[in-house]
Amino acid sequence: PTNKNVTVVFVLGGPGSGKGTQCANIVQHFGFTHLSAGDLLRAEKKSGSENGTMIHNMIKEGKIVPSEVTIKLLQRAMQESGNDKFLIDGFPRNEENRAAFESVTGIEPEFVLFFDCSEEEMENRLLSRNQGREDDNIETIRKRFKVYMESSLPVIEYYNSKGKVRKIDAAKPIEEVFEAVKAVFTPIN
Ligand code: UP5
Ligand code: MG
């Protein structure tokens, strides 16, 4: 019975656009729980789950893990949090993710925070991140960009057509991006 009384904001944008960085700021200022779908998948892989090998292979190829796996992890994390306000970071990544989440959970996002950034800038950020992510190599980064353009941008377009997208210029310095983010969150808080 989580469904109707929760607030969900989807945080979308290309690989390296700053989703995780800005979500950490939003948590501190606005009391949301941050759920990164990518982080949940990486933790599931590390835990030795039966899906571990599949998740590993998908992430290495920049492909999108089947919805049922990701949605289960998101639902569990929402329940365990005890909170009713969530930033869902890096999900939904394709039309199937979007439709499955909506039908399984009955939740529609309050709005979609969209971090807009050039591919050149995102590539530079990912190549200098140095956090040991197995997908931060140039071959995988190119595949991630391709999947983003082909599968994830249409989801943003879908929400844009419903008037739900709040677009942020994410190429600016971290503090300036957060100023723009704050302006989006202040009215709903
Ligand atoms: N940085 C951040 N903001 C900056 C700024 N304004 N100026 C300068 N530098 C800035 O930031 C990236 C780097 O840039 C950091 O070093 C940061 O300090 C710096 P970060 O905040 O980490 O960006 P983020 O958008 O979170 O980048 P991330 O790499 O996490 O995005 P992805 O969308 O690629 O990764 P995610 O973890 O979401 O997904 C990884 C893979 O998991 C996918 O490719 C896919 O295979 C799989 N996946 C699914 O299958 N399904 C899902 O639902 C989710 C993921
Ligand atoms: Mg991230």
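Quick note: the coordinates plus some simple rules give every number you see, no bench work behind them. What you see is a predicted model; the values in this text were computed from it and never measured. Heads up, the Cβs are rebuilt from the backbone with ideal geometry, glycines too, and the neighbour counts pull from every protein chain shown.
Descriptive notes on the structure:
- Cut-off 15 Å between beta-carbons: net charge of the residues surrounding VAL69, Lys and Arg +1, Asp and Glu -1: +2
- Neighbour net charge for LEU126 - beta-carbon separation under 13 angstrom, K R +1, D E -1: -1
- Here the stretch 122-189 and the stretch 61-108 have alpha carbon centers that stand 17 Å from each other.
- Neighbourhood net charge (10 Å Cβ-Cβ; Lys/Arg +1, Asp/Glu -1) for GLY90: 0
- Residue-averaged [θ]222 nm for the chain, counting only DSSP H segments that reach four residues, each worth -39500 (n - 2.57): -15500 deg cm²/dmol
- Taking trypsin sites (Lys or Arg not before Pro) as exposed when their DSSP state is a loop state and no more than 12 other Cβ atoms lie within 10 Å, the longest site-free interval of the chain runs over 1-128.
- Only the Cβ atoms of Lys and Arg (+1) and of Asp and Glu (-1) were treated as charged; on that basis the dipole of the chain about its Cα centre amounts to roughly 240 debye.
- Value of relative contact order over the stretch 3-188, rounded to a whole percent, pairs C-alpha under 8 Å and six or more apart: 34
- FRET efficiency, 1/(1 + (r/R0)^6) with R0 22 Å, evaluated for SER118 and GLU175 via beta carbons: 0.70
- Inter-site label distance for ARG133 and TYR158 at 7 Å from Cα along Cβ, in nm: 2.3
- Backbone phi angles across the stretch 120-135, fed through the Karplus curve with coefficients 6.51, -1.76 and 1.60 (θ = phi - 60°), yield HN-Hα couplings of 4, 5, 4, 4, 4, 5, 5, 6, 10, 6, 6, 10, x, 6, 5, 9 Hz in residue order; Gly and Pro are listed as x.
- FRET efficiency, GLU96 to LYS143 (Cβ-Cβ, R0 25 Å, nearest 0.05): 0.85
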